[in-house]
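Shown next, in structure tokens, is the structure this report addresses.
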Amino acid sequence: MADQNKTESANNFYNEILSPCELFAARSRSHKLPARGQKDFYPDDSEEQRQRLQQSLDEHWRLISEERVERLGNLVKGVWIPSDRIVELQSPAGKFWQTMGFSAEGKQYLLPEEALYLMECGNLLVSHQDLPLSIQDGYEMFLSADAVSLQQYQVFGHLKRLGYVVHRFDPSSEPSSYARQLNLPPSRERGGRQLKRKRSPSPTPTCSKGESPAEKMEEDDKLPESHLPTSAEPAEPQSCSSGSAGEAGARTWWMTDVPDRQADKRPSPGSPSARSRWNFSAIPFPDLGSTGRPRTVAPPDPSLLPGGVTVGVCDVASWMQKVNLREVRMSGKEEERERRGRRRDVNKDREVQRCRNWAEYHELLARRQAAREGRPAHLWSGEVTPLHDPTQPISTAELLEKISVITSTNLLEGASRLKGSEEWRICFNVYQPDSVADFKKSNPGKPYTRMCVCSFDGPVPDLRAIKQLAFQSGDVLVVFAVVDHGDISFYTFKDFQLPRDVFP
Amino acid sequence: MEAPPCRQLGELQPEQERSSSPVVGLSLCDSAPLLWRIQDLKAVRSSGLVGALLGALPRTPRQNIRLGRPLLLLPEEERLLRERHSAAALPARNQDAVGTELQQRYEEEEQRSYEEQSILALEDRRSALLRAMTSSSGSESGVGSDEALQGRLLALGQSFTFPRSALAVQLSTARAGLSHCQEARAFLQVDWPIREQDSPRREARYQVFRDLRGRGFFLTSAGKFGGDFLVYPGDPLRFHAHFIAVCLTLDESICMLDVLCVARLGSNVKKTVLLCSPAPDGPVHYTSLQWSGMV
């Protein structure tokens with residue numbers, strides 16, 4: 001028995017190496033996949049079923065045992081360089097060069113995962129020490145936990161076989177959070193488009209379009225003065241804010257001050273930049289409705305005008321004709337209402353006269369106020385008061401906002417402060433198959449998704465990891481490729497805002 | 001765990017058992033157990049272990065519907081093989097041991113292959129020519145065309161060259177080497193790399209796997225179905241899976257919502273969910289979940 005085994009194994013020793021005759025015959029091999037028939041529901045030990053199983057198994061083994069046979073002229077040759085963990089090409093690269101590989105010092109190289117994939121596709125023959133590597137050698141030499149893991153390669157191969165362009169993700173090529181805060185144009189990726197944008201004649205503020213909510217938020221929080229034309233700024237925001245300043249200056253007479261306009265948009269009374277540079281109480285505005293009715297208006301103080309502008313005396317006669325100067329005539333009823341609406345003299349009030357000091361007067365006012373508005377005074381006396389004073393007018397949306405104790409947040413909120421973790425990292429940039437035709441490795445553009453590889457044996461990413469990866473990826477979706485032995489499933493976590501109906 | 005690596009070979013198992021089931025050679029790639037040689041794949045399948053194919057299929061590499069070698073084993077499959085003493089971890093390729101002798105031999109082989117293939121190619125061309133001539137000369141007179149045929153064949157024999165670039169070469173899937181003979185494997189199976197299998201969950205998974213396999217079921221991983229294993233009544237090539245096995249230790253409490261989740265999912269894919277818990281030193285308890293159908 002043992003002897004028989006020995007001879008058998010000796011025969012099998014090189015049985016997966018094809019003879020020249022077999023190699024020659026393999027040139028006219030079919031490339032079709034056999035169709036798989038309908039499966040049965042339950043084994044019934046019938047001869048028919050047994051035969052069908054045997055047939056399927058035979059076909060399976062025929063398919064699996066097939067070896068790769070290629071014409072030598074069709075193979076690109078490469079050499080494995082163990083020290084750098086890359087493959088150096090020794091003959092001109094094929095069509096795959098459009099989406100894979102890189103050049104350095106006049107030589108062409110492939111990353112290990114790319115080389116292994118091309119070996120599996122029968123396009124590449126990699127040698128090491130002058131001997132060709134088998135696919136098994138490739139798996140065992142190219143893949144390791146500290147470089148490209150087997151699971152990462154499984155995902156890479158799966159996506160490549162589907163036609164996607166897959167590149168390693170390089171965190172350093174992404175703009176840093178600081179660069180994003182300043183809204184600096186990305187140095188490499190969007191360089192080409194940046195030039196085009198500069199050439200375009202319209203000064204419309206394009207910079208806010210590309211901003212993600214996080215960036216906007218960051219600016220609001222930390223850089224309130226970044227839009228002021230007075231402060232030194234990076235190129236892009238300046239061009240857009242100066243554009244808007246120009247617009248404002250052309251359209252209005254008195255409002256040449258952009259800071260005021262900006263302050264309207266972002267009401268932050270604490271910051272000094274929000275306050276006006278001018279003291280409006282000291283600037284006389286012409287009163288065109290007064291009884292004196294001057295025919296002319298004196299020129300404004302030259303210090304209020306921008307340099308190089310001179311304004312003479314202005315004749316307002318033509319304007320006066322357009323203004324309705326009729327005196328208001330009120331009916332008796334209206335006059336009565338007007339009179340009642342006016343404040344009564346508080347000193348004539350008996351209760352007020354009874355007050356001996358200011359404190360008592362304030363108390364009286366508070367008492368009267370409470371009585372008039374039906375606001376239960378005891379609710380407002382303690383340290384804890386209701387969230388909203390019913391006497392204060394407020395819109396429904398604002399009220400909902402005010403009484404929501406737990407406010408909703410978005411995925412990127414606070415993500416910039418999170419430190420990157422060792423456990424979770426983005427592995428691949430993935431570009432869609434239809435982009436292959438005009439794909440450029442030097443300028444790949446924005447990826448379709450970014451891929452993070454994990455396993456069903458490992459943990460589910462926590463919110464921290466999801467936030468951190470989403471922030472790192474910017475506006476590109478992060479997809480988790482979960483490897484379960486042979487199977488790969490793709491999952492993604494998306495930001496979701498609960499819809500809210502507000503009826504005013 | 002059971003067999004300390006220093007034990008003598010002869011003690012490991014009875015002689016006849018070893019010869020009945022060939023020792024399967026495993027290669028570790030990034031610590032995953034992979035099978036490469038077709039005889040190993042067949043041996044594993046014949047003992048009812050399915051595994052998962054990972055590689056591109058040589059015939060049509062750019063698709064994911066049918067994949068090719070290598071075959072990845074589940075940790076449970078690997079452990080079962082180990083307990084039956086029918087698998088051995090093959091040593092990794094010795095990267096520096098390649099001598100000039102081997103390189104020379106490879107070049108000789110290639111040269112021999114080239115010569116043989118050029119003869120085959122010439123033969124191929126000659127028979128094609130012969131076929132073309134005889135079919136066209138059928139209408140003409142016999143003697144003159146026969147001479148012409150001989151002349152053409154002679155000319156072909158002299159002018160024919162088989163270009164080097166047309167040489168068909170093999171990109172081997174498995175590595176050829178000395179580690180594949182039976183004796184070497186028997187020796188190697190003692191040297192099993194230690195892999196952690198210590199968590200109670202893993203242990204439960206393994207007990208369930210072994211029990212279900214022992215009952216003749218075929219199992220594959222069921223991550224996509226939210227369970228541990230997909231359970232097939234026969235070879236997955238011919239049969240649909242009937243059950244989704246969810247492995248739990250006996251004292252593990254499970255949340256009602258989770259039970260509902262797996263039951264709901266199972267009924268959606270027309271499979272029955274099995275909650276499987278191995279009792280200590282005893283049988284595995286199976287509980288199936290089904291919608292009662294009552295409204």
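Rule-based calculations on the coordinates, nothing more; no lab input. Model, not experiment: these values are computed from the prediction. So basically every Cβ, Gly included, is an ideal-geometry build from the backbone, and we count neighbours across all protein chains shown.
For A:Cys427, B:Cys29, A:Cys314, what's the fewest-to-most ordering of other Cβ within 10 Å of each Cβ?
A:Cys314, A:Cys427, B:Cys29
Multiply the residue separation of A:Ala282 and A:Arg354 by 0.36 nm, subtract the distance between their alpha-carbon atoms, and state the gained length in nm to one decimal. Can you show the working numbers first?
Details: separation 72, 0.36 × 72 = 25.92 nm, distance 4.12 nm.
Extending this stretch completely gives an extra 21.8 nm.
Using just the Cα positions, wrap the range A:347-483 in a convex hull and report its mean projected area in square nanometres, one decimal place.
On the way: hull surface 70.7 nm².
So the mean shadow area of the Cα hull is 17.7 nm².
What is the sum of charges around B:Ser118, taking Lys and Arg as +1, Asp and Glu as -1, for the other residues whose C-beta is under 13 Å from the C-beta of B:Ser118? Please report the intermediate quantities before stating the final value.
Working: positive: B:Arg112, B:Arg125, B:Arg126, B:Arg164; negative: B:Glu110, B:Glu115, B:Glu116, B:Glu123, B:Asp124.
Within the 13 Å Cβ shell, the charges total -1.
Neighbour counts of other C-beta atoms within 10 Å: give me A:Met100, A:Met330 arranged from fewest to most.
Least to most surrounded, the residues fall as A:Met330, A:Met100.
With the radius of gyration and the Kirkwood radius both derived from the Cα set of the range A:76-148, what is their ratio Rg to Rh? It would help to have the intermediate numbers written out before the result.
Working: Rg = 11.1 Å, Rh = 12.1 Å.
Taking Rh as the inverse mean 1/r over Cα pairs, Rg/Rh reads 0.92.
Identify, among A:Leu111, A:Met100, A:His128, the residue whose Cα sits farthest towards the positive end of the charge dipole of the range A:76-148, taking +1 on the Cβ of Lys and Arg and -1 on the Cβ of Asp and Glu, with the dipole about the Cα centre.
Of the options given, the answer is A:Met100.
A:Thr449's amide H: which non-local residues (gap 5+, or another chain) put their own amide H closer than 5 Å, with H modeled 1.01 Å from N in plane and none for Pro or chain starts?
A:Val430
With the cut-off at 20 Å, tell me which of the pairs A:Lys441/A:Lys467; A:Lys77/A:Lys107; A:Lys446/B:Lys224; A:Lys95/A:Lys160 have Cα atoms farther apart than that. Write down the numbers at each step before the final one.
Working: A:Lys441/A:Lys467 29 Å; A:Lys77/A:Lys107 13 Å; A:Lys446/B:Lys224 30 Å; A:Lys95/A:Lys160 14 Å.
Those over the limit are A:Lys441/A:Lys467; A:Lys446/B:Lys224.
Please tell me the relative contact order of the range B:21-92 in percent, rounded to the nearest whole number, where contacts are Cα pairs under 8 Å and at least six residues apart. Can you show the working numbers first?
Working: 101 pairs, mean separation 29.9, N = 72.
For the range B:21-92, the relative contact order is 41 percent.
Could you give each residue of the range A:422-436 its phi-based ³J(HN,Hα) in whole Hz, using Karplus coefficients 6.51, -1.76, 1.60 with θ = phi - 60°, and x for Gly or Pro?
For the range A:422-436, the Karplus curve yields 6, 6, 10, 8, 7, 9, 10, 8, 10, 10, 5, x, 6, 8, 4 Hz.
Where the only charges are on Cβ atoms (+1 Lys, Arg; -1 Asp, Glu), what is the dipole of the range B:200-294 about its Cα centre, to the nearest 20 debye?
400 debye
Taking a spot 7 Å from the Cα of A:Thr396 along the direction of its beta carbon, which residues of the range A:462-504 have an amide N less than 11 Å from it?
A:501-504
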